[in-house]
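What follows is calculated from the coordinates using simple rules that are stated; it is not laboratory data. Predicted, not measured: the structure shown is a model, and the values here were computed from it. Cβ atoms come from the backbone with ideal geometry, glycine included; neighbour counts cover every protein chain shown.
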Amino acid sequence: MKNYDYSAIEKKWQKYWEEHETFKTDVWDFSKPKFYALDMFPYPSGVGLHAGHPEGYTASDIVSRMKRMQGYNVLHPMGYDSFGLPAEQYAVTTGNHPNGFTQENIKTFSKQLKELGFDYDWSKMIATSDPEYYKWTQWIFKQLYLDGYAKYIDMPVNWCEELGTVLSNDEVIDGKSERGGYPVVRKNMKQWVIDQPAFAEKLLEGLDEIDWPESTKSMQRNWIGKSTGVEVEFDIVGGGEFSIFTTCIETIYGITFMVLAPDGAITESLLDRVQNREEVQAYIDETKKKNDMDRTELNKTKSGCELKGVTCINPVNGKEVRMFIGDFVLASYGTGAVMAVPSHDQRDFEYAVAHNIDMIQVIDGKDGHIDVTDAAMEKTEYLGKGYKLINSEEFTGMTVEEAKEAITVKLEKMGRAKRTVNYHFREWIFARQRYWGEPVPVVHTENGIHVLDDEELPLILPELDDYKGKNGKAPLENATEWKQYDRNGIKGVRETSTMPGSAGSSWYFLRYIDPHNDKEFANQELLKHWMPVDLYIGGPEHAVGHLMYSRIWNRYLYDKGLAPTKEPFKKLVHQGMILGENGVKMGKRFPKYVVNPSDIIRDFGADTLRLYEMFMGPLEVSKPWSQSGVEGAKRFLNRVWNFFTEESNITEDNNGALTKVYHQTVKKVTDDYEQLAFNTAIAQMMIFVNAVYKNGSCPREYAEGLIKMLSCISPHIGEEIWSILGHDDTIAYESWPTYDEAELVEDTVEIAVQVNGKVKAKLNIAKDEAKDKVLADAKAEESIAKLIDGKTVVKEIYVPNKLVNIVVK
Ligand code: ANZ
């Protein structure tokens, strides 16, 4: 028996693949159908691969290897999302350029990925921090700007005067900066943004045509937050008017007060009229310290104050209504004003209780009174339940749906209502005061913004001595020479903020198809052939970040005629998390449970690691690591090795003993790989290997079929056994094993055995068994034998493969 020296075997085949460029894809070969398998590319951190990386990467590797054997031209690339904060922090603390650190990490990652035996086409590797790459990130940004989707506009931001910088929401705690504890205020500032709302409808529609997890689609729908309602205009007593946005116009007779956004324009226009100006101003100042998240949280107490001396008129019944300000109403959503109906809305209810305001119930439950708070909680479910209006003049008695329409029509006739759609989706803030990112290719001049010419791209990130921004300002402010722009008579100062981390990853799937093109971001003919990505695998944490941004950039390019498909990722699968042996997330908290893939590769081999991670359970669920599971995986590979490398075990003829189980295995493995159900595919291969051992030998055709299937999961051992079986070439391009449906048909059937027409027993017989044999077996069956013992058999009836009836006297 040959020794299974996994370490030598793995090194040998990794070298072979590299030397033979086994997995280099000729993207111009259109003669075969294409398959584009994509992994979410890693951030090249300083710590290298973790146990979670090989999981998703092995999954896409298996499918891509099967597709290649099935005759597809497969593109399976890998690269690095290499701009970002950790490299920047490294630079700040060590004074070294982040590029060196990033290049080192990329080397480590690539080495580790190669040790895992993935079938990546390394000639197509990209890194988002590479100028050859970010040239095109800048170029796409430029198009977005020229088409009006990238804008430089006033946006509310968290501003810290002492630090002189904008902070993200999580850098602000209770109105103070996390660092230093300085006061932070909301303030409008010029920012680079991408107009996401402009894509909202297209993004919603696109979700219907892609094969993605339902949970991810619904997270995207919620994030976009489409809301259909009505804007209604109210007159202010003493002159003027304002509008509110509501999704529940049917509750208009239940209004007992109004709430305005304290920091909104309507409030500002009323300040001169309020009698309690000081109180109001103090509350406005308080509001400006909070971010939207704090303000809208449901369980926060509903603070606010009345605008004393200011009231408005409800247009449907002429009633005078009190007006308040409250921070739960956001200036940036709808009109920045709410008609408050405390009987039917949770937040209005809490506000009314806190401020002692009346309530009027206007919707009656089908089963009597509906709890005011419940009604609000069930806001969506309450439609279609037949709830009827009360206390609503001519609309009393109508269902909610009828009243929605009728009241809208009435207000429209009065010239008071406008049907509106709102999105919660906001502009995507597209600039950071950081160093390690793509420079924004624009210049601020006296006459406004000047965008760089194409031949000025890439705009290279300048080297700096100091990567820290002075006083919290953008680090590129330190690049005093670089900053100054003077070309072709245009003078100005370059933009010093850089693009966010998600810029480069929003289009990398297009670049992989043609990564070395220096004329365009990718050749259009190639894009047409290769897009969309057929299978995209990555973590669920990107559900609304990267996966939304990529859809936006792709859709923008599609609308411009520069990308061939509306949606970039046809099928998406999220791998589950691999937990520590103690069942919790691997990390600093429990260092003894952190698994380093390199250790497993050293002690068991990459093939075992890959097999083990695929056998742990369904790909999509989180599962704890188990060292004994790794050993079990290794034992299985040993069993395969020991049997199939022994020449005398492989027969040239086929006695049929393994035919059925082999065909069942090919069918199950093929179907399961397609469904990414790897654990059950492996279980079936184990069944087959057990049957082979029991049989003592295996026909060559079946041995080769098994090794082909197994080679997708554990490619090194697959190649090695394949060569021992007498082949000179790689197994990677061999044809996928096939199965015969006819061989799958069950060859035994269960029949009923009756005595005098009553079923007394069941019997398993070979299909189409001879009548005499079946009758004899039936009569020999213990329970039947007892029943007919001593009686005379007068008739024997046999319906083939169905039943036997023995008539006795
Ligand atoms: C009256 C009403 C009665 C409402 C009722 C709800 C229930 P979505 O679905 O998120 O669009 N609203 C409107 N503008 C707001 C703002 N700027 N800040 C905070 N809340 C705002 O929610 C729309 C509902 O949220 C609107 O419908 C409005 O309250 C409130 F029984 O109007 B409703």
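Over 20 Å, how big is the tail of the calculated P(r) for region 101-162, in percent of all Cα pairs? Across region 101-162, Cα pairs with separations above 20 Å total 57 percent.
Most tightly packed first, judged by the mean number of other beta-carbon atoms within 10 Å of their residues, the peptides 745-754, 569-578 read 569-578, 745-754.
Protection proxy ranking, highest mean first, for peptides 142-148, 609-615, 494-500, 156-162: 609-615, 494-500, 156-162, 142-148, where packing is the per-residue count of other beta-carbon atoms within 10 Å, averaged. Residues within the reach of a label modelled at Asp729 (point 7 angstrom out along Cα to beta-carbon, backbone nitrogen below 18 Å), restricted to region 32-47, are 32-33. Charge dipole (Cα centre; +1 on Lys/Arg Cβ, -1 on Asp/Glu Cβ; no other charges) of region 191-231 amounts to roughly 160 debye. Which length gain, in nm to one decimal place, applies between Glu405 and Lys773 when the Cα-Cα distance is subtracted from 0.36 nm times their residue separation? Working it through step by step, the gained length comes to 124.8 nm.
Across the alpha-carbon set of region 399-473, the Rg to Rh ratio works out to 1.37, Rh being the Kirkwood radius. Of all beta bridges that DSSP places with both ends in region 231-324, some 80 percent have antiparallel geometry. Taken along the Cα-to-beta-carbon direction at a fixed 7 Å, the label points for Asn596 and Glu520 span 4.7 nm. Here region 746-808 is assigned +1 on the Cβ of each Lys and Arg and -1 on the Cβ of each Asp and Glu. Its dipole about the Cα centre then comes out at about 380 debye. Excluding same-chain neighbours fewer than eight residues apart, the aspartates and glutamates reachable from Lys760 by a Cα-Cα span under 18 Å are Glu750, Asp777, Glu781, Glu782, Asp789, Glu796.
For region 600-730, a simple Cβ point-charge model (Lys and Arg +1, Asp and Glu -1, everything else neutral) yields a dipole of about 560 debye relative to the Cα centre.
The calculated FRET efficiency for the pair Lys560 and Asp29, based on their C-beta separation and a Förster distance of 35 Å, comes to about 0.80. Spin-label model, Glu214 to Leu146: label points 7 Å out along the Cα-to-beta-carbon direction sit 4.5 nm apart. Just check region 602-644 against the gyration tensor rule for me: Cα atoms, a ≥ b ≥ c as the square roots of the eigenvalues, rounded for a/c under 1.5, and otherwise prolate or oblate depending on whether a/b exceeds b/c. It comes out prolate by the Cα gyration axes.
The share of C-alpha pairs in the chain whose separation exceeds 49 Å stands at 40 percent. Within straight-line reach of Lys32, meaning a Cα separation under 19 Å, sit the following lysines at least 8 residues removed in sequence or on another chain: Lys24, Lys67, Lys528.
With a Förster radius of 22 Å applied to the beta-carbon distance between Arg419 and Met293, the computed FRET efficiency rounds to 0.15. Give me the percent of DSSP beta bridges within region 226-423 that run antiparallel, rounded to the nearest 5. Close to 90 percent. Projecting the Cα atoms of Tyr134, Ala337, Pro699 onto the charge dipole of the chain, computed from C-beta unit charges around the Cα centre, puts Pro699 farthest toward the positive end. Within the chain, antiparallel bridges make up roughly 75 percent of the DSSP beta bridges whose residues both belong there. Taken as Cα centroids, region 733-777 and region 154-205 sit 71 Å apart, rounded to the nearest whole angstrom. Give the distance, in whole Å, between the Cα centre of region 224-293 and the Cα centre of region 504-524. If we compute the Cα centre of each part, the gap is 48 Å. By the rule of a C-alpha distance below 20 Å, with chain neighbours fewer than 8 residues away ignored, the lysines paired with Lys190 are Lys142, Lys151, Lys288, Lys289, Lys290, Lys470, Lys473, Lys483. Only Cα pairs under 8 Å and 6+ residues apart enter the sum, and on that basis the relative contact order of region 442-502 stands at 34 percent.
Each of Ser123, Val74, Phe199 was placed along the dipole of region 69-205 (beta-carbon charges, centred on the mean Cα), and the one lying farthest toward the positive end is Ser123.
Based on Cα contacts under 8 Å between residues 6+ apart, region 518-617 shows a relative contact order of 24 percent. For region 758-809, the percent of C-alpha pairs falling in each 10 Å distance bin, counted from 0 to the bin holding the largest distance, reads 24, 62, 14, 0. Label point of Arg179 set 7 angstrom out along Cα-Cβ; within region 73-100, amide nitrogens under 16 Å from it belong to 84-95. Here each label is just a point 7 Å from Cα along the line to Cβ, and for Lys791 and Ala766 those points are 3.0 nm apart.
For the pairs Lys107/Lys588; Lys300/Lys571; Lys124/Lys560; Lys11/Lys124; Lys124/Lys571, flag any whose C-alpha to C-alpha distance is greater than 28 Å. In this structure, Lys300/Lys571 exceed 28 Å between Cα atoms.
The GluC sites (Glu not before Pro) of region 211-307 that meet both conditions, a loop assignment by DSSP and at most 13 other Cβ atoms within 10 Å of the site Cβ, are Glu297. According to the Kirkwood relation over distinct C-alpha pairs, the hydrodynamic radius of region 226-423 is 17.0 Å.
Cβ-Cβ distance of Asn96 and Asn391, R₀ of 60 Å, FRET efficiency by 1/(1 + (r/R0)^6): the value works out to about 0.25.
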